[in-house]
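The values are calculated or read from the model by the stated rules, or taken from the named source; none is laboratory data. Since we're looking at a predicted model, the values are computed, not measured. We place every Cβ from the backbone using ideal geometry, glycine too, and count neighbours over all the protein chains shown.
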Amino acid sequence: MTFKERIAILISGRGSNMDALIEACKKPSFPASIKLVISNNPDAAGLDAAREAGIPTQVIDHHGFGKDRQAHERQIDAALQAHNISVVCLAGYMRILTPFLINNWEGKILNIHPSILPLFPGLDTHAKAIKAGMKVHGCTVHIVTEVMDEGPILGQAIVPILPDDTEHSLAKRLLKQEHLLYSQVLKNFIHKEEPEASVDALING
């Protein structure tokens, strides 16, 4: 029987990358099991998806903490500890983590970012890639550190930017690669395998 690491996912909205991880974790051979989904947004649609999959959920609404970001993260940390979590995956979690949580879970928080880092950190990455005249775009899974979108890269996937691409069409095509990449990188991370880059999307369009 495959040993499965206990995973938590943090979301703020729909969490489509969460859905991909849920599907991956259903496989008996996949080395992770999702034991908790946390959202800072009580209206996050992804909470219903997690519940339907039988995964415990917890809402820790940041609005109740004012400007005390660390107090908010202390509650997140307590929830992670209570569920014996070993790895945390961010999936559309729209808050920048403070050093408190990052240091408490050093090297154990993964994030997926919709660009080929170090290009285009931050928001609006699809529009930025098109405006810059890029021929390719992509996504990156990395370890979260105190500097936003600058942690060690664990894997990347690439898609071509087509002449008639809009921000929406590019985002939609890239999302398919995000779903494939995140689960593969999580598997490699748990098995302590070397990072890898995916060029399948570039070949297949």
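Working only within the stretch 1-18, note down all residues that are touching a residue at least 40 places away in the same chain (Cβ under 8 Å) and over 22 Å from L101 (Cα atoms).
R14, S16
Return the pairs, sorted by first residue and then second, in which the second residue is surrounded by 19 or more Cβ atoms within 10 Å (Cβ to Cβ) and of a type in the set (A, V, I, L, M), the first residue lies in the stretch 98-120 and is more than 19 Å from K192 (Cβ to Cβ) and without any contact (Cβ under 8 Å) to a residue 24 or more places away in the chain, the beta carbons are less than 7 Å apart, and the residues are 6+ apart or on different chains.
Every condition considered, the pairs that remain are F120/A129.
Of H72, H62, H142, H126, which residue is within 30 Å of D164 (Cβ to Cβ) and in contact with a His (Cβ under 8 Å, 6 or more places away or on another chain)?
None of the others qualify; the one that does is H126.
Suppose we filter the stretch 125-137 for residues that are in contact (Cβ under 8 Å) with a residue 24 or more places away in the chain and either surrounded by fewer than 13 Cβ atoms within 10 Å (Cβ to Cβ) or on the phi > 0 side of the Ramachandran plot (or both); how many remain?
1
Could we say that D77 is in the same structural domain as K176 (by the TED database), crowded, with 16+ Cβ neighbours inside 10 Å and within 30 Å of H191 (Cβ to Cβ) here?
For D77, the condition - in the same structural domain as K176 (by the TED database), crowded, with 16+ Cβ neighbours inside 10 Å and within 30 Å of H191 (Cβ to Cβ) - is not met.
Only one of F30, F65 is hydrophobic (A, V, I, L, M, F, W, C), surrounded by fewer than 20 Cβ atoms within 10 Å (Cβ to Cβ) and within 18 Å of H179 (Cβ to Cβ); which?
F30
May I ask you to list the residues in the stretch 160-180 that are in contact with a strand residue (DSSP E or B) (Cβ under 8 Å, 6 or more places away or on another chain) and among the charged types (D, E, K, R)?
Listed by number, the residues that qualify are R173, E178.
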